[in-house]
Amino acid sequence: MTKPIITVVGSFAVGLTIRTSHMPIFGETLLGSDFDMGPGGKGSNQAVATARLGANSYFAGIIGSDKLGEIATDLYAREGVDTTYLIQSDQMATGVGFIILNEAGENGIILDMSANKLMDSAFVDQVEAQIARSDLVMSVLEIPVEAAVRAMELGQKHGVKTILNPAPAQPLPTEAFQYIDYLTPNDTELRILLGLSPDDPTPTLELAEQLRGYGVGNLIVTMGDEGALVMTADGVEKVPGVSVDVVDTTGAGDAFNSGLAVALASGKPLAEAVRYANCAGAIACTKLGVIPSLGMQAQVDQFYAENYG
């Protein structure tokens, strides 16, 4: 069976993770444990995850010409991610993220995306030929909105499926939604995309209907172990999730989007693809750290068969 070709136009950052009993307040010093430093960035994570799930994965991004950038190139060489469209720049340092985990595995993150900020439409235009020969192109909002939207636009121009994972969420230009075949916010991101507060009490279904009205093809609202709300031109479906013993939720969203991408690029119908994505996301919650938690194809396939087969 031919491997699907997936191009990720996205972000790389080195993640520095530490576990504490609770989130600190200003002026408070806490003792932590389980410190880890390793590769991160939503786009990079998704490129690695799609490669592990059996895709030919291409990553287009910008890193610094520094020691932290070497963490990226070492990772992609090890994981089999194609770096033809990865640029090393002297203008800015490689991006970094500081992640604090509490005892329940919940996280808070502070990011300096640095070199990722250099990405723009002109950068993405250099990737057009690769996007055109892909089965699916995906992007995230850790890079400038201009670059993410251009990736979606070029995908649609060439008849390639497009996924935008709108994280970290921010309002998008209304005209951008027409280029997105699959938009994958969580409950909070859904609200921010609509210009609302993250805890707005309006029912999620009502907000999803409003957002899909902006022109997005298919809307998938992720809800953790509750599964996902899928809204298409044919109606609304709640796809149940799967429960696992949660250790660290940091990589769940990236794993979900990657599972969705690989399943769709392989020709699976949307509901089946979302179930597969649920499995990939659940597995990613069972280990500390993002890269160690991203499942391999055989593992996710087996988990899918056990839970949805």
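Exactly one condition in (1) part of a loop (DSSP other than H, G, I, E, B); (2) touching a helix residue (DSSP H, G or I) at 6+ places or on another chain (Cβ under 7 Å); (3) within 20 Å of Met223 (Cα to Cα) is false for Leu172; which is it? Against the list (1) part of a loop (DSSP other than H, G, I, E, B); (2) touching a helix residue (DSSP H, G or I) at 6+ places or on another chain (Cβ under 7 Å); (3) within 20 Å of Met223 (Cα to Cα), Leu172 comes up short only on (3). Quick check on region 94-105: of everything there that is surrounded by 17 or more Cβ atoms within 10 Å (Cβ to Cβ) and among the aliphatic types (A, V, I, L, M), which residue is farthest from Pro144 (Cα to Cα)? My answer is Leu101. Restricted to region 1-84, the set of strands (runs of 3 or more DSSP E) holding at least 3 residues that are surrounded by 19 or more Cβ atoms within 10 Å (Cβ to Cβ) and small (Gly, Ala, Ser) comprises 56-64. Among the conditions (1) out of contact with any helix residue (DSSP H, G or I) (no Cβ under 7 Å at 6 or more places or on another chain); (2) of a type outside the set (Phe, Trp, Tyr); (3) without any contact (Cβ under 8 Å) to a residue 60 or more places away in the chain; (4) assigned to a loop (DSSP other than H, G, I, E, B), the only one that Gln91 does not satisfy is (1).
Of the residues making up region 290-305, those that are buried (at least 22 other Cβ atoms within 10 Å of the Cβ) and assigned to a loop (DSSP other than H, G, I, E, B) are Leu294, Gly295.
Yes/no per residue for (1) at pLDDT 95 or above; (2) under 20 Å from the mean Cα position of the chain (by Cα); (3) more than 26 Å from Gln297 (Cβ to Cβ):
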| position | (1), (2), (3) |
| --- | --- |
| Asp36 | no, no, no |
| Arg52 | yes, yes, no |
| Tyr58 | yes, yes, no |
| Ala72 | yes, yes, no |
| Gly105 | no, yes, no |
| Ile110 | no, yes, yes |
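When Gly251 is tested against (1) in contact (Cβ under 8 Å) with a residue 60 or more places away in the chain; (2) touching a strand residue (DSSP E or B) at 6+ places or on another chain (Cβ under 8 Å), just one condition goes unmet, and that condition is (2). Among residues that are among the acidic types (Asp, Glu), modelled with pLDDT under 95, farther than 25 Å from Ser134 by Cα and part of a loop (DSSP other than H, G, I, E, B), Asp248 is included. Looking across region 282-303, just one residue is of a type in the set (D, E, K, R) and closer than 19 Å to Ser33 by Cβ, and that is Lys287. Has region 167-181 got any residue that is buried (at least 16 other Cβ atoms within 10 Å of the Cβ), under 19 Å from the mean Cα position of the chain (by Cα) and polar (S, T, N, Q)? No, there is no match, as no residue in region 167-181 is buried (at least 16 other Cβ atoms within 10 Å of the Cβ), under 19 Å from the mean Cα position of the chain (by Cα) and polar (S, T, N, Q).
More than 20 Å from the chain's Cα centre (by Cα) and outside any strand (DSSP E or B), is that true of Glu153? No. Residues that are at positive phi and in contact with a helix residue (DSSP H, G or I) (Cβ under 8 Å, 6 or more places away or on another chain) do not occur anywhere in region 272-287. Could you tell me which residue of region 97-135 is nearest to Lys3 (Cα to Cα), considering only residues that are in a helix (DSSP H, G or I) and not aliphatic (A, V, I, L, M)? Going through the qualifying residues, I end up with Gln130.
The values are calculated or read from the model by the stated rules, or taken from the named source; none is laboratory data. Not measured: the values here are computed from a predicted model. Glycine gets a Cβ as well: all are built from the backbone with ideal geometry, and neighbour counts include every protein chain shown.
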